[in-house]
Amino acid sequence: MGRRLGLLIGINQYQDSCFQPLRYAETDARAIAHWLMNSRGGRWNSSDVQLLLGAQATRQRIEQYLTQLCLQAAGPDDTLFFYFAGHAFLDEGRAEGYLALADTFYQQPASGLQLATTLLQLLGRSPARAIVCILDCFQTGRLWGQRRASPFDCKPLPGPMLLAALQQLPNRFLLCSCRGNEFAPEQGEQNVGMLTHRLLLGLCGGAADPTSGQIIFQRLALYLQQSLGEQQRPQLFGQGLGPVVLVGEEKKTETPAAAAARIGIGPDGDQPGLQQQPIGPRPAMQAVPHPPQAPTGIAQLSPQQPALPMAASIAEQQAALLLQQARALLQQQRTADALSHLEQVLQLMPTNTEALLLKGQLLGTAGRFAEAMQAVEQVLHQEPGNALAWSMRAALLANLGQFEEALQAVERSLSLDPHNAETQTIRSAILVKMAVAQTPASPAGAPSLSSSAGPTSPATAGSPTGRGRGSRPRGRALLMSLVLQVIGLGLGLLGAWLAIKYPGAPGVLPLTIEGLGLALLSANALSGCYFDGFWRFLPIPLMSLLATALPVYLLLTQSGRTRLAALVEADPRGFTAIQFAVLWFGMAAVLPLLLALVGLLSGWLRGVRRH
């Protein structure tokens, strides 16, 4: 079996302002690389996977890595995997497609990576058995919109020459995404891009061969095409002469024709029209309806509902009746009443497995994971071989962020019930969450190349330039907000003083200073509270009171009115400056406070949506 070599690139920030900043590109590349190297994921050798992020992804470095990967490191039994997340554009002069790298400028296409020329030289000359290129690109430029045949057509990027060549080169695939046009916003899921999230789900088992468990690229491409909407749905180009196995052991005895027939892909590599085969049989359990928008985040499992057993005693009869009523209440979405009935069941029969599992489901749906875990642990103490209880434990642990323990639990469940599709879905979701949440950032340092070895590991690739989205420490957020508020208010005072003290001077400078002060107050209130929450909000009401107190003192006190009258008598033009200053302080008192509340609410809603 040959090696699997990978080069993954993600770029969020560009030197050229023509390329708008992206949110998910670097996280996408990092998450896929982490999953490929994970011992519970792709199990690729870490020394065979190279990750370049942000400022590292220059044109010179990427050309060097691609050349080494395709022409020097690859052998005749190897499979190469190239993933790029970032901007792409067309040269306005020759309409040729380019990948925009960290040091690329839109008006200088030669500073980007010319897709057709580069791939033709490398794909045609590489001895590798198979090469897979996935381009998760954001379209930039008006020319692309003029050249494409539909709003989501990505063919202008590779161009007709490369597309024709791919039909002549065996096992050379190009999978191009389409994020719409340059005005369409990015769409994400689970803190990664939409395509990457589906890609990880497919790698985690959604696109697995039901008989061998292998992840074959052709099946993965089909899975992506069927599970994504039109805007994110990728287009596949290339000619396949056999299965390209990305995960799992390759079977040498299988002929390319038999493999192509088994996975539903024709030998010409065109997009198939067959329906996706199911991963496994449906579970035998019957799901209990639960309220919509349950905040569990992984999956909701429901215990089996066997026929009502014959009670051996009055207590058992009462417990069975209460349990049946609890299920009926749950179907009516009366969760509180259903939970009350379950508590009565457990008072009569503390070891009733069905009641404990249903209680665990209800508590998990309500976000009370610790209490739900107690019920599930009691079932496992009584019945260590209960596969459903192990699955519920895995889902609860995943919601608590304990991914390693969750994987152990879900694998225990699968060892007891290997064909439960619901449990397999939970396992895939846990692996995706692990790839996103536990993606390590590479330490700083310049990457090195060796002519005799494969691409370097991510440990030598340097740190990404993109900054993650997260809260600052509380003390730092509070201090930063206070400093920015003081600076903004100080600028307003300076501008007002200049306008009132020198009413005959040009008013551009005071107005500019006051405008900068108000802009700083507003930006700190909105973005600061959105990212850092309540601790960034604390100084804002205090500064609003202070901004209100200053004009109130000048207008309502005798000493303040005396000073203002003296200024107006000295130069009547100062009256206009005083009016504008009062207006400024009124806006400084009200506008930042309103924007801070909007930022707090928006940040809270985003957090709820992410959970």
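The values are calculated or read from the model by the stated rules, or taken from the named source; none is laboratory data. Model, not experiment: these values are computed from the prediction. Cβ: placed from backbone, ideal geometry, glycine included. Neighbour counts: every protein chain shown.
If T456 passes every condition in (1) modelled with pLDDT under 85; (2) assigned to a helix (DSSP H, G or I); (3) among the polar types (S, T, N, Q) but one, which one does it miss? So T456 meets the others, but not (2).
Could you please find all residues in the range 104-124 being outside any helix (DSSP H, G or I), crowded, with 17+ Cβ neighbours inside 10 Å and of a type outside the set (G, A, S)?
Of the residues in the range 104-124, the ones outside any helix (DSSP H, G or I) are 104-108, 112-114.
Those left that are additionally crowded, with 17+ Cβ neighbours inside 10 Å: 104, 106, 112-114.
Matches in the range 104-124: T104, Y106, L113, Q114.
Scanning the range 103-116 turns up no residue that is free of Cβ contacts under 8 Å to residues at least 24 places away in the same chain, aromatic (F, W, Y) and assigned by TED's automatic domain parsing to the domain that holds V247. Take the conditions touching a Cys at 6+ places or on another chain (Cβ under 9 Å) and surrounded by 22 or more Cβ atoms within 10 Å (Cβ to Cβ) and apply them to A130. Does it pass? Spelling it out, it is not the case that A130 is touching a Cys at 6+ places or on another chain (Cβ under 9 Å) and surrounded by 22 or more Cβ atoms within 10 Å (Cβ to Cβ).
So which of P503, P572 is outside any helix (DSSP H, G or I), surrounded by 17 or more Cβ atoms within 10 Å (Cβ to Cβ), assigned by TED's automatic domain parsing to the domain that holds P592 and modelled with pLDDT under 70?
After applying the criteria, what remains is P503.
Being part of a helix (DSSP H, G or I), out of contact with any helix residue (DSSP H, G or I) (no Cβ under 8 Å at 6 or more places or on another chain), polar (S, T, N, Q) and farther than 18 Å from S428 by Cα is a condition met by at least one residue of the range 211-232.
Every residue, every condition in (1) part of a helix (DSSP H, G or I); (2) modelled with pLDDT under 90; (3) touching a Gly at 6+ places or on another chain (Cβ under 9 Å); (4) at negative phi, yes or no:
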site	(1), (2), (3), (4)
Y14	no, no, yes, yes
R23	no, yes, yes, yes
R40	no, yes, no, yes
Q60	yes, no, no, yes
E63	yes, no, no, yes
C70	yes, no, no, yes
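Mind checking which residues of the range 520-543 are in contact with a Ser or Thr (Cβ under 9 Å, 6 or more places away or on another chain) and among the polar types (S, T, N, Q)? Residue satisfying the conditions is N524 alone. State whether the residues of the range 371-388 include one that is surrounded by fewer than 24 Cβ atoms within 10 Å (Cβ to Cβ), under 32 Å from the mean Cα position of the chain (by Cα) and among the small types (G, A, S). So far as the range 371-388 goes, yes, one or more of its residues are surrounded by fewer than 24 Cβ atoms within 10 Å (Cβ to Cβ), under 32 Å from the mean Cα position of the chain (by Cα) and among the small types (G, A, S).
Annotation note: of L90, L66, L80, the sole residue that is touching a Phe, Trp or Tyr at 6+ places or on another chain (Cβ under 7 Å) and under 25 Å from P160 (Cβ atoms) is L90. Only a single criterion out of (1) within 30 Å of I215 (Cα to Cα); (2) in contact with a Leu (Cβ under 7 Å, 6 or more places away or on another chain); (3) assigned to a loop (DSSP other than H, G, I, E, B); (4) not acidic (D, E) is not satisfied by P127, namely (2).
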